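Every number here is computed from the coordinates shown, using simple stated rules; none is lab data. What you see is a predicted model; the values in this text were computed from it and never measured. Reconstructed Cβ throughout: ideal geometry from the backbone, glycine too, with neighbour counts over all protein chains shown.
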Amino acid sequence: MSMLKLLEIELYKISKRPRTYISFAAISAIVLIFQFAFKADGENYMNLMLQGINDSFQLDKQHAMNGYFMCYIILNTLLVQVPILVALVAGDAISGEANMGTLRLILTKPVSRTEILVAKFLASIVYTIMLLIWMAFFSLMLSLWIFGSGDMLVFRVAGEVSQIMQIAQDDIVWRYFAAFGYAAVALTVIAALAIFLSLFAENSIGPIITTVCIVLVFTIVSNMNIPIIDQHVKPYLFTSYLVGWKGFFYIATTQDGIPIKGSIEDLKSIQSSLMILIGHIGALILLSIYIFKRKDILS
Amino acid sequence: MKYPTLIIIAFLMGMYSSAQDVNTLIKLVKNKLDNINRYQATGTMKTSIAYLKIPIAKVNIQYRKPNELTIKSNNGVTFVPKGVDAISLQNIFSSEFTAIDGGTEKIKQKVLRVVRLLPTSQQSNIVLSTVYINPSDLVVEKSSTTTKDEGTYEMEMQYGKYIQLGLPDKVTFTFNAKDYKIPKGLTLDFDNASSKNQKIDKTMLNKGKAEIVFQQYTIN
């Protein structure tokens with residue numbers, strides 16, 4: 001049986017589970033609530049972000065509150081929660097089969113365990129990408145339709161400095177493509193982790209909850225600003241690199257502080273974060289294959 | 001006894017004539033500016049302050065007599081410094097004031113007449129303006145204005161083909177601004193290597209500059 005056929009079967013299984021659609025419904029609901037809230041009272045949020053600026057500058061806040069800005073705000077919030085939705089499906093990959101008693105049956109087929117695991121992993125990646133496309137449609141396309149387009153403001157705290165960066169309208173779309181691409185890799189780490197954990201359980205709740213707990217605890221530690229954690233702990237947590245997509249919106253500037261169109265402030269940092277995430281994926285999948293090949297299948 | 005009296009009279013006459021010169025000079029400059037009822041101009045505005053990383057904006061500037069000036073951008077998001085409407089010098093001359101001669105000063109190889117303007121009305125937002133006038137072209141080359149609401153701002157003008165009308169080709173507007181600080185929790189930032197090394201010259205946090213280059217005037 002070809003890998004493509006295996007992948008097709010796995011995708012069919014994913015599409016037949018109701019929980020698959022919970023994620024799509026949850027993303028739609030969260031994005032729509034955000035858009036409604038910002039349409040109704042977005043100016044208060046803008047005022048909060050612009051405190052101090054309002055006294056020195058006049059700014060048309062309605063134009064600043066455009067679809068590109070909205071998408072950035074939504075992704076900022078949503079990409080912290082999406083790992084939970086990815087775990088919901090990927091954590092079920094092996095343990096779900098074990099729970100239903102179909103794992104032994106699958107392994108009697110003339111395909112290797114490696115192929116089965118890789119097919120399940122690829123199916124999880126396809127699901128993750130579909131989820132991101134859905135998110136891109138709702139958070140970017142719908143926001144552009146509701147709020148219109150324009151230059152995008154990015155608020156940032158870099159070291160001890162608070163900054164506002166403005167990206168020209170014609171320099172934004174490629175950044176979103178890059179950011180969604182990066183997010184796909186980041187979320188694949190979660191899928192790989194959930195599949196790895198699902199090897200050790202006979203029902204899917206355990207690996208899903210364990211994945212979510214690991215992501216939550218690591219995310220909290222990643223967001224702590226304590227020098228000893230910054231130096232000795234954060235570099236080793238994959239969650240420190242999940243928000244790396246934001247790097248595509250940190251535009252490089254000239255000596256005068258004028259943004260350079262098409263530039264990224266620190267491309268090397270994004271590349272190294274990406275390599276670390278890909279390293280995690282590789283390590284988790286290889287480890288999963290190693291364990292799965294030696295595992296006694298009793299269910 | 002005769003000589004000291006003559007010296008005092010000569011000194012007082014000198015002061016009177018000097019004050020009269022200043023008032024005449026101001027009147028000539030003001031008359032030149034008063035010939036313009038309204039103008040529209042296109043141009044660019046480059047705003048520089050430590051915490052803002054924004055592109056050079058294409059702007060439309062509209063002026064209407066006596067002191068109504070608006071700056072709007074074509075792309076919508078433009079940080080326009082408050083008080084920038086003072087770039088229309090008519091704003092300074094629009095209220096009643098007392099002119100005090102500040103002598104002369106050499107700036108960029110030009111000998112300019114320094115005049116301090118004190119508004120007579122207590123309602124005026126302007127507390128004190130110092131203008132540096134080029135007496136040969138009858139244009140204001142530089143000014144420093146202290147206001148009640150927007151602090152102190154300075155302007156430097158460069159003139160070109162519209163010098164006969166007293167309209168500048170370029171204005172550099174320096175202003176005071178408040179520091180900008182937002183909590184990190186609000187932005188959930190990606191701590192890349194470059195961000196950790198970012199330091200700032202704190203003296204630059206409260207001083208901003210806007211350079212407005214006028215490209216095309218449509219007058220009256």
**OP:** Rank A:232, A:280, A:63 by mean-square fluctuation in a GNM of chain A with C-alpha springs under 10 angstrom and give only the top-ranked residue.
**Re:** A:232
Original post:
Can you pull the mean other chain C-beta count within 10 Å for peptide A:163-171?
Top reply: 5
**OP:** Round to a whole angstrom and tell me the spacing of the C-alpha centers of segment A:230-272 and segment B:105-171.
**Re:** 44
Original post:
Most fluctuating residue of A:107, A:75, A:48 in a GNM of chain A with Cα springs under 10 Å: which is it?
Top reply: A:48
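With a sphere of radius 12 Å drawn around the Cβ of residue A:49, what net charge do the other residues whose Cβ falls strictly inside it have (Lys, Arg +1; Asp, Glu -1)?
Values: positive: A:61, A:156, B:181; negative: A:43.
Net charge in that neighbourhood comes out at +2.
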**OP:** With everything on Cα atoms, drop me the angle between helix A:3-16 and the longest principal axis of chain A, reported from 0 to 90° to the nearest 10.
**Re:** 70
Original post:
Which angle from 0 to 90°, rounded to the nearest 10, does the C-alpha axis of helix A:205-222 make with the longest principal axis of chain A?
Top reply: 30
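Length gain on complete extension for the stretch residue B:27 to residue B:164, per 0.36 nm per residue less the alpha carbon to alpha carbon distance?
On the way: separation 137, 0.36 × 137 = 49.32 nm, distance 1.55 nm.
Result for the pair: 47.8 nm of gain on full extension.
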**OP:** Take the Cα of residue A:40, step 7 Å along the line toward its Cβ, and report every residue of segment A:18-34 whose backbone nitrogen sits under 11 Å from that point.
**Re:** A:33-34
Original post:
In peptide A:253-266, how many Cβ atoms from other protein chains are near each Cβ within 10 Å, on average?
Top reply: 3
Original post:
Which of A:134, A:145, A:245 comes first, and how do the rest follow, when ranked by fewest Cβ neighbours within 10 Å?
Top reply: A:145, A:134, A:245
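Could you work out the helix-only [θ] at 222 nm for the protein assembly as shown, with each DSSP H run of four or more residues adding -39,500 (n - 2.57) and the total divided by the number of residues, to the nearest 500 deg cm²/dmol? Don't skip to the answer; put the middle values down first.
Details: 15 runs with 233 residues, N = 519.
Rounded to the nearest 500, the figure is -15000 deg cm²/dmol.
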Subject >> Under 5 Å, built H, 5+ apart or other chain: amide partners of residue A:151 >> reply: A:169, B:77
Original post:
What full-extension length gain, to one decimal in nm, is calculated for residue B:218 and residue B:186 as 0.36 nm per residue of separation minus the Cα-Cα distance?
Top reply: 7.0 nm
**OP:** Quick one: among A:209, A:229, A:251, which has the greatest mean-square fluctuation in a GNM of chain A with alpha-carbon springs under 10 angstrom?
**Re:** A:229
Subject >> Evaluated at q = 0.07, 0.09, 0.10 Å⁻¹: base-10 log I(q)/I(0), Debye formula over Cα of segment A:3-294 >> reply: -0.31, -0.49, -0.60
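Rounded to the nearest 20 Debye, what is the dipole magnitude of the protein assembly as shown about its Cα centre when Lys and Arg each give +1 and Asp and Glu each give -1 at the C-beta? Show your work: numbers first, answer last.
Values: 49 positive and 38 negative charges, 97 e Å.
It comes to approximately 460 debye.
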Subject >> Relative contact order (percent, whole number), chain A, Cα cutoff 8 Å, 6+ residue spacing >> reply: 23
Original post:
Radius of gyration and Dmax for the protein assembly as shown's Cα atoms, expressed in Å?
Top reply: 32.4, 130
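Highest mean first, how do B:30-40, A:152-162 rank when packing is the count of other Cβ atoms within 10 Å averaged over residues? Before the final figure, lay out each step's value.
Details: B:30-40: 15.3, A:152-162: 20.4.
Peptide ranking by packing, descending: A:152-162, B:30-40.
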Original post:
In degrees, nearest 10, range 0 to 90: what is the angle between the Cα axis of helix A:18-49 and the longest Cα principal axis of chain A?
Top reply: 10
Original post:
Taking a threshold of 24 Å on the Cα-Cα distance, which of the pairs B:32/B:207; A:61/B:178; A:16/A:246; B:32/B:148; B:46/B:106 fall above it?
Top reply: B:32/B:207; A:16/A:246; B:32/B:148; B:46/B:106
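Could you compute the net charge surrounding residue B:163? Neighbours are other residues with a C-beta less than 9 Å from the C-beta of residue B:163; K and R count +1, D and E count -1. Before the final figure, lay out each step's value.
On the way: positive: B:161; negative: B:137, B:169.
That sum, taken over residues with Cβ under 9 Å, equals -1.
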**OP:** At 7 Å along the Cα-to-beta-carbon direction for both residue A:24 and residue A:130, put a label point, then send me their distance in nm to one decimal.
**Re:** 0.6
Subject >> Cβ neighbours within 10 Å from other chains - mean over A:42-49 >> reply: 1
